[in-house]
Amino acid sequence: MTLMVSAQKRELRKIEKAVQYGQMTEALEIFNSIEESEVEDKYSGQYKFYKAAVVSGVVGDKKPTYEDIQMAENLIAESKAAGYEDKQLMAMVENAINSQKIQIVNSKLQSGKTEEAIVIVEDIYEADNSNKDMLFTSAQLSYQVSDFDAARKKFQELFDAGYTGETVTFYAKNKSTGQEEVFPSKKLAEVAISTAKSHTDLREDKAPSKLGTIVNNLVWLYKNDDQMQKAKFVFEKAQQRFPEDASLKIVTPDIYNTLGMTEEYKKAIANRGNDITDPQVYNNLASAAFKSKDYDNAIQYYTSSLELKEDSYAAHVNLSNAYLEKGNLEETTAKEQQVLYKEALSHLERAHELKPDDKNILPTMVSLYGVFEMTEKAEAIKAKM
């Protein structure tokens, strides 16, 4: 028995070292060599922790389902209850599991399973209600699927909490996968790079305010629910609490328009954007408008973004998509569609000039050239595909 316990201790220690050094294949092989039924109680916490890492796909190349992730989180809870206390490894694996959750959400969204994605995002927020970014995502998705009651409650919670979304996000590249991963703090990212040596290339990304999107949507939602006084109250309170917020200034004309305040709307339109120098502010608003299928505002915001930074590949592509989506609406006439498609094509052409090696937009360009019977240009693009 003593020899078996000693062997278990050695094997678990080997797994720990393999994980620390990013040798996930080796860690998985060692883990699979251990018989779970024979693990001594004194090592059960450590074993459950590594089982969580395997089940969740943190160790190995498994693509976990959300059910796998939930199982892994239960195992981590059991591991902690059993006394496992390696804070460094625990933080590393928990962070990787959170990244897996986001990947699953994105996969659901890409496959059109928005309602399933909402359930997962809501679960993430319920597990950590300090994560207001998740609540914002949940509110946006609820709005997108026209669950306006849920969207209103979520946006109101964000507003009451004073959330603006202005944050600094820390990224580091996982050596074994080559993928960037998000870290909850700069310190944890530095630990993964300097101590665990599992990551490289620390990067910071500053996110501008989302307050304009929150207030704009909340005002519309209250108006849509025939609560006009509440809509006005939210707007007035936002102006009092955040008089210098750039994103709120940008949407102010739209809010005046929603509230039927014509004279205020005219004045705000004349002054909009005078103080805005960061194109990302417009990009955020455009993205929110696009997700809500408000293509007119998405076009307006992306256009404003390009006025500040004309050589933005992403803004040109996104603006093109907004023109295409508007062109594909049932209420769009054939004549209007032609105009919108031409606008979309012009921005794709500019994007292609900026990144000639990026082939993602080429099929759309070929299709649009076909619409306008521009055969030579279509053949030239096909040759690059």
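Worth a mention:
- Restricting region 188-235 to residues that are of a type in the set (A, V, I, L, M) and more than 27 Å from the chain's Cα centre (by Cα), the residue that is surrounded by the fewest Cβ atoms within 10 Å (Cβ to Cβ): 228
- One residue alone among 78, 116, 122 is within 25 Å of residue 220 (Cα to Cα), of a type in the set (Asp, Glu) and either touching a helix residue (DSSP H, G or I) at 6+ places or on another chain (Cβ under 6 Å) or in a helix (DSSP H, G or I) (or both), and that residue is 122.
- Each residue in region 207-226 was checked for being assigned to a loop (DSSP other than H, G, I, E, B) and either under 15 Å from residue 151 (Cα atoms) or among the charged types (D, E, K, R) (or both), and 3 pass.
- Taking (1) closer than 22 Å to residue 293 by Cβ; (2) exposed (fewer than 14 other Cβ atoms within 10 Å of the Cβ); (3) not hydrophobic (A, V, I, L, M, F, W, C) in turn, residue 337 satisfies each apart from (2).
- Filtered by the rule that a residue be acidic (Asp, Glu) and at pLDDT 85 or above, region 260-294 gives 263, 264, 294.
- Cβ-Cβ contacts under 8 Å between residues 6 or more apart (or on different chains), taken from a first residue in region 332-344 that is within 15 Å of residue 367 (Cα to Cα) to a second residue that is part of a loop (DSSP other than H, G, I, E, B), are listed as 337/328; 340/332; 341/372; 342/372.
- Filter result for residue 324 (surrounded by 14 or more Cβ atoms within 10 Å (Cβ to Cβ), over 26 Å from residue 206 (Cα atoms) and at pLDDT 95 or above): yes
- Residue among 145, 105 that is surrounded by fewer than 18 Cβ atoms within 10 Å (Cβ to Cβ) and farther than 22 Å from residue 241 by Cα: 145
- Of the candidates 93, 59, the single residue that is over 30 Å from residue 218 (Cβ atoms), part of a loop (DSSP other than H, G, I, E, B) and more than 14 Å from the chain's Cα centre (by Cα) is 59.
- All of 238, 268 fail the test of being in contact (Cβ under 8 Å) with a residue 40 or more places away in the chain, more than 30 Å from residue 103 (Cα to Cα) and either in contact with a helix residue (DSSP H, G or I) (Cβ under 6 Å, 6 or more places away or on another chain) or crowded, with 20+ Cβ neighbours inside 10 Å (or both), apart from 238.
- For region 18-32, the criterion of being at pLDDT 70 or above, of a type in the set (Ser, Thr, Tyr) and either touching a Phe, Trp or Tyr at 6+ places or on another chain (Cβ under 7 Å) or part of a helix (DSSP H, G or I) (or both) is satisfied by no residue at all.
- When 276, 255 are checked against the criterion of being farther than 28 Å from residue 142 by Cα, in contact with a helix residue (DSSP H, G or I) (Cβ under 9 Å, 6 or more places away or on another chain) and among the hydrophobic types (A, V, I, L, M, F, W, C), 276 stands alone in meeting it.
- Scanning region 161-206 for residues that are more than 16 Å from residue 131 (Cβ to Cβ), free of Cβ contacts under 8 Å to residues at least 24 places away in the same chain, not in a strand (DSSP E or B) and not basic (Lys, Arg) yields 177, 178, 179, 189, 190, 193, 194.
The values are calculated or read from the model by the stated rules, or taken from the named source; none is laboratory data. Everything numeric here is computed off the predicted structure, so don't read it as measured data. Positions of Cβ are backbone-derived with ideal geometry, glycine not excepted, and every protein chain shown enters the neighbour counts.
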